[in-house]
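The values are calculated or read from the model by the stated rules, or taken from the named source; none is laboratory data. Everything numeric here is computed off the predicted structure, so don't read it as measured data. Positions of Cβ are generated from backbone atoms using ideal geometry, with glycine treated the same way; all protein chains shown enter the neighbour counts.
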Amino acid sequence: MRNPVKHLLGAVTLAAALIAAPAAPALAANPYERGPAPTVASIEASRGPFAIAQVTVARSSVSGFGGGTVYYPTSTTAGTFGAVAVSPGFTASQSSVAWYGPRLASQGFVVMTIDTLSVYDQPASRGTQLLAALDYLTRSSSVRTRIDATRLGVMGHSMGGGGSLSASRTRPSLQAAIPLTPYHSTKNWSTDTVPTMIIGAENDTVAPVASHAEPFYTSLPSSSEKAYLELNNASHSAPTSANVTIAKYSISWLKRFIDNDTRYEQFLCPAPSGSAIQEYRDTCPHS
């Protein structure tokens, strides 16, 4: 015959054990998230939460582009990171886009600012070189084990910005593109499906927004994620020096689409405004 006292004690012991047992750790909703929850201050800061290092890549050691500088988070405890290649514009060297390296890497990306094979290379060639730089980063660079090769993006200034459009159309598996005051003779990008933020400048006389940035944005398919940010009272060269507005929205775009990090959605939707922004358009809300 069952002993009721013993049965009751067993039930109490089991219940106590269940209460005392630690809960199983919750799985991260997004395995690509890197870094703490963002704030306006954190995306406007000159440095993010990750300590970084850099390595110079000699032109003679690579093929398909002109070498460059790699900036990367030093810690590997967070896992692998997305990677971004950045091209300068016509007649310029990587020094004109160097500020993006530490700014973006410290937010949790591997970043390579590149030199092109010739400073006179046209946008299509710069696009090919951006892809060659990404291939180098993911296949043979000293930081390749730190990179998630499925989560890549491109950026570029002027003809380098046009190059980022060309790269995106060539390789639709890219996760994000940010053309900066872009120049390209091609105006229709209806087959480009990569999430793209185009940054134009109100007073750009080299690549006026009316004939470059705006038609580029308009031609991108409405079914794809896209944004257009026009800098107020800014010139064509605005992206070549540290700029808080460019940085905060570039970081947000890269985080949102390379890292799938919806914590950054708040900075993109609803449309931001302020004295530094002349105009902003977006496909909010992002899916």
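Under 6 Å between Cβ atoms, at least 6 apart or on separate chains: pull out the pairs that start in the range 172-195 with a residue that is under 18 Å from PHE81 (Cα atoms) and end on any residue that is in a loop (DSSP other than H, G, I, E, B) and not acidic (Asp, Glu).
LEU174/VAL194; GLN175/ILE258; ALA176/PRO195; ALA176/ILE258; ALA177/VAL194
Out of all the residues in the range 45-69, which are under 16 Å from ARG139 (Cα atoms), part of a loop (DSSP other than H, G, I, E, B) and not aromatic (Phe, Trp, Tyr)?
VAL62, SER63, GLY64, GLY67
Could you check, for the range 123-132, whether at least one of its residues is at pLDDT 95 or above, touching a strand residue (DSSP E or B) at 6+ places or on another chain (Cβ under 7 Å) and part of a strand (DSSP E or B)?
Checked the range 123-132: no residue is at pLDDT 95 or above, touching a strand residue (DSSP E or B) at 6+ places or on another chain (Cβ under 7 Å) and part of a strand (DSSP E or B).
Every residue in the range 55-74 that is crowded, with 16+ Cβ neighbours inside 10 Å and not aromatic (Phe, Trp, Tyr), please.
If the condition is that a residue be crowded, with 16+ Cβ neighbours inside 10 Å and not aromatic (Phe, Trp, Tyr), then VAL57, VAL62, GLY66, GLY67, GLY68, THR69, VAL70, PRO73 are the ones that fit.
Given the conditions (1) closer than 13 Å to VAL86 by Cα; (2) surrounded by fewer than 23 Cβ atoms within 10 Å (Cβ to Cβ); (3) in contact (Cβ under 8 Å) with a residue 40 or more places away in the chain, report the number of the one that ALA98 does not fulfil.
(3)
Please determine whether any residue of the range 108-126 is within 19 Å of VAL57 (Cα to Cα) and among the small types (Gly, Ala, Ser).
Yes, the range 108-126 contains a residue that is within 19 Å of VAL57 (Cα to Cα) and among the small types (Gly, Ala, Ser).
Can you find even one residue in the range 134-143 that is assigned to a loop (DSSP other than H, G, I, E, B), of a type in the set (Phe, Trp, Tyr) and in contact (Cβ under 8 Å) with a residue 24 or more places away in the chain?
no
May I ask you to list the residues in the range 84-107 that are touching a helix residue (DSSP H, G or I) at 6+ places or on another chain (Cβ under 8 Å) and either small (Gly, Ala, Ser) or more than 20 Å from SER237 (Cβ to Cβ) (or both)?
VAL84, ALA85, SER87, GLY89, ALA92, SER96, GLN107
Can you work out which of the residues in the range 248-281 that are of a type outside the set (A, V, I, L, M, F, W, C) and either part of a loop (DSSP other than H, G, I, E, B) or modelled with pLDDT under 95 (or both) is nearest to GLY156 (Cα to Cα)?
Only one residue tops the list, namely ASP259.
For the range 246-285, which residues satisfy the criterion of being of a type in the set (S, T, N, Q), within 13 Å of MET197 (Cα to Cα) and out of contact with any Lys or Arg (no Cβ under 8 Å at 6 or more places or on another chain)?
SER250, SER252
Go through the range 174-185 and give me each residue that's within 14 Å of the chain's Cα centre (by Cα) and either farther than 18 Å from HIS286 by Cβ or assigned to a loop (DSSP other than H, G, I, E, B) (or both).
LEU174, GLN175, PRO179, LEU180
If I ask for residues that are small (Gly, Ala, Ser), surrounded by 24 or more Cβ atoms within 10 Å (Cβ to Cβ) and at negative phi, which ones from the range 105-144 would you list?
ALA105, GLY127, ALA133
Of all residues being charged (D, E, K, R) and not in a loop (DSSP other than H, G, I, E, B) in the range 193-247, which is surrounded by the fewest Cβ atoms within 10 Å (Cβ to Cβ)? Just the residue, please.
GLU214
For the range 264-278, how many residues are touching an Asp or Glu at 6+ places or on another chain (Cβ under 7 Å) and either touching a residue at least 60 places away in the same chain (Cβ under 8 Å) or of a type in the set (Gly, Ala, Ser) (or both)?
2
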